[in-house]
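Contents: one structure, followed by commentary.
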Amino acid sequence: MPDVRIASAQGKWILITTVLGSSMALLDSTVVNVALPRIGDDLDASLSALQWTINAYMLTLAGLILLGGSLGDQYGRRKIFVIGVVWFAAASLMCGLAPTDAVLIGARALQGIGGALLTPGSLALIQASFHPDDRARAVGLWSGFGGIGAAVGPFLGGWLVDGPGWRWVFLLNVPLALLCVPVALRHVPESADDRAHGRFDILGAVLGALALGLVTFALIEAGTTSLLAVAGVAAAVAFVYVEKRRQDPMLPLDIFASRQFTALNIVTLCVYGAFGGYFFLTALQLQVVAGYSALAAGTALLPTTALMLLFSARSGALADRIGPRIPLTVGPLLCATAMLLMLRVGEHANYLTDVLPAVLVQGVGMVTLVAPLTASVLASVDTARAGIASGINNAAARAASLIAVAALPLLAGMGPEAYRSPSAFDAAFHRAMPICAGVLVVGSALAFAMVRRPAPGCVRPECRTHGNVTSPPIEAKGG
């Protein structure tokens, strides 16, 4: 049984290590959007290259995050976590030194692999190390500090972009890793899952990532890659075929026998698809059209994260009392309203009257739905499968964001140089936000029609405090 107490020196070091590691991946998921205009100018990149700067990372992360958790269970959570941190830092160094957009995109894909190794391991290390009496408090501190990191991220990223330059958004990960790795090796105990059997669904992971990659490529490079779209669909069919016949699949399809679990993941696809497109385009709209600096653009969205950090736990408690159906119906409608309010943001937009109302409504909407969504996902399956259910839901959210960033500029009619023209980008933004709002309305309707109150006594999330706007919190299965 794990016996580290949170008040001990070792307990504090474990918290520091896991917060540092998870903050690396969390910072990159929130600050890179702010840096996109400067990256485009410096590397003479097209809009599609900026889309790939986001999507290359999400592609490998979404495709491999389930496999990353399994590797930690088998070979040691600390070992895989440390490998992930080193890998992530090395890829970040490549990003920071990238001479061309092609090199940057390749390095971002490598970053995603590192993120898939370290992200599941961060929480798993806490659950496997701390005494059961201290575990809930340790998870609360970890998620709370992570939320603070998410809140500081856009501000810090904007300051770096306006000051030393966009490359420091990535280079900052190197000193974080240099702090994290020695502490992990010295103070964090190794742990593994005795039930792990050493068989990994490598083929399933490759097929899943290939399907996402081909479909994403077809959407971003629309008009010349119809055969790739067909190949992507074929890879997806092959993925389902392989997972259905594997004895130990990466994605156990029988988990979708739960109607509630299936419905909640469809809602997740709608919600986080809209969020992915919204945050990608809004960071550009504020800089390209409204004329904000990178720092101002990053700070502008801070209230959304702050509201989530302050009130997500209370929202989860409310959903426990009244059930998830109302929050999951009302929350997406509030977020849809926020995206329509963003249509007020144009040239020389005033922050207090044009931007802040939308940002506040977006924050209230996300507070309303994110914690109940996570809790409902976990409650929809047996306790023994809560870890895999959380991993699937997290991967679904990232895949939805990936597809949205690829598809939304196409649907909104953005040309390859749209972000260089304020008028052209503004026109496309005004077409894109109603699309995002419409997807959220669909998610709300599905939640109202399909989501029901879970049975009493179901497993509940340990990550009550949540500040990440790009994906739902991931739950480890413990040690």
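I'd like the orientation of helix 202-220 relative to the chain: the angle between its Cα long axis and the longest Cα principal axis, in ° from 0 to 90, rounded to 10.
Around 10 degrees separate the two axes.
In the chain, what percent of the accessible surface is made up of carbon and sulfur (1.4 Å probe, ligands and nucleic acids excluded)?
Details: 12250 of 18070 Å².
Carbon-and-sulfur percentage of accessible area, whole number: 68.
How large, in Å, is the stretch 323-413 by the Kirkwood hydrodynamic radius built from its alpha-carbon pairs?
Values: mean 1/r = 0.0658 Å⁻¹.
For the stretch 323-413, inverting the mean 1/r across all distinct Cα pairs yields 15.2 Å.
Run the helix sum for the chain: -39,500 (n - 2.57) per DSSP H stretch of 4+ residues, divided by residue count, reported at 222 nm to the nearest 500 deg cm²/dmol.
Calculated from helices alone, the mean residue ellipticity at 222 nm is -26000 deg cm²/dmol.
Run the 1.4 Å probe and let me know the accessible area of Glu347, rounded to the nearest 10 Å².
Estimated to the nearest 10 Å², Glu347 gives 140 Å².
Classify the stretch 344-395 from the C-alpha gyration tensor, please: rounded if a/c falls under 1.5, else prolate or oblate depending on whether a/b exceeds b/c.
Prolate is the answer for the stretch 344-395, as a/c is 1.5 or above and a/b outweighs b/c.
Let's see if you can work this out: charge +1 on each Lys and Arg Cβ, -1 on each Asp and Glu Cβ, no other charges. What is the dipole magnitude of the chain about its Cα centre, in debye to the nearest 20?
On the way: 30 positive and 26 negative charges, 221 e Å.
Approximately 1060 debye in magnitude.
Note down the accessible area of His131, probe 1.4 Å, to the nearest 10 Å².
So the heavy atoms of His131 present about 40 Å² to solvent.
Against the longest alpha carbon principal axis of the chain, how many degrees, from 0 to 90 and to the nearest 10, is the axis of helix 422-450 turned?
Approximately 40 degrees, to the nearest 10.
Expressed as a rounded percentage, what relative contact order does the stretch 1-127 have, with Cα pairs under 8 Å and six or more residues apart?
On the way: 148 pairs, mean separation 42.6, N = 127.
Relative CO of the stretch 1-127 lands at 34 percent.
For the full complex of protein chains and a 1.4 angstrom probe, list Trp87, Trp52, Trp168 by accessible area with the highest value first.
Greatest to least solvent exposure: Trp168, Trp87, Trp52.
Could you grab the relative contact order for the chain? Cα pairs under 8 Å, six or more apart, rounded to a whole percent. Don't skip to the end; give the middle numbers.
On the way: 907 pairs, mean separation 111.3, N = 479.
The normalised contact order for the chain reaches 23 percent.
Taking a ≥ b ≥ c as the square roots of the Cα gyration tensor eigenvalues, with a/c under 1.5 meaning rounded and otherwise prolate when a/b beats b/c, else oblate, which class fits the stretch 205-345?
Values: a/c = 2.64, a/b = 1.25, b/c = 2.11.
Verdict is oblate for the stretch 205-345.
For the stretch 45-96, state what percent of all Cα-Cα pairs lands in each successive 10 Å bin, counting from 0 Å until the bin that includes the largest distance.
Reading upward from the zero bin: 22, 43, 26, 9, 1.
Hey, can you find the accessible area per residue of the chain for me, probe 1.4 Å, expressed in square angstrom?
Per residue, the chain has an accessible area of 38 Å².
Normalised by the residues of the stretch 68-190, what does the relative contact order come to in percent, with Cα pairs under 8 Å and at least six apart?
Result for the stretch 68-190 is 37 percent.
Please name which of Ala136, Phe311, Ser226 has its Cα lying farthest along the dipole of the chain towards the positive end, using unit charges on Cβ (Lys, Arg +1; Asp, Glu -1) and the Cα centre as origin.
Ala136
I need the semi-axes of the equivalent ellipsoid of the stretch 215-289: take the C-alpha gyration tensor, multiply each eigenvalue by 5, square-root it, list largest first in whole angstrom.
On the way: eigenvalues 185, 89, 15 Å².
Taking √(5λ) for each Cα gyration eigenvalue gives 30, 21, 9 Å.
Among Ala209, Val345, Gln10, which residue has its Cα furthest toward the positive end of the charge dipole of the chain, with +1 on Lys/Arg Cβ and -1 on Asp/Glu Cβ?
After comparing all options, I get Gln10.
So what's the gap between the Cα centers of the stretch 248-307 and the stretch 37-100, to the nearest angstrom?
18
Helix 47-75: angle to the longest alpha-carbon principal axis of the chain, degrees 0 to 90, nearest 10?
Tilt relative to the chain: about 0 degrees.
Shape verdict for the chain, please, from the Cα gyration tensor: rounded (a/c under 1.5), prolate (a/b greater than b/c) or oblate.
Rounded.
Quick one: net charge around Arg38, please, counting Lys, Arg +1 and Asp, Glu -1 for every other residue with C-beta under 13 Å from its C-beta.
Summing Lys/Arg as +1 and Asp/Glu as -1 gives -3.
The values are calculated or read from the model by the stated rules, or taken from the named source; none is laboratory data. These figures come from a predicted structure and were not determined experimentally. Backbone-built Cβ (ideal geometry, glycine too); neighbour counts: all protein chains shown. Please note that ligands, DNA and RNA were not included when accessible areas were found on the heavy atoms of the full protein model with its side chains. Shrake-Rupley method; radii C 1.70, N 1.55, O 1.52, S 1.80 Å.
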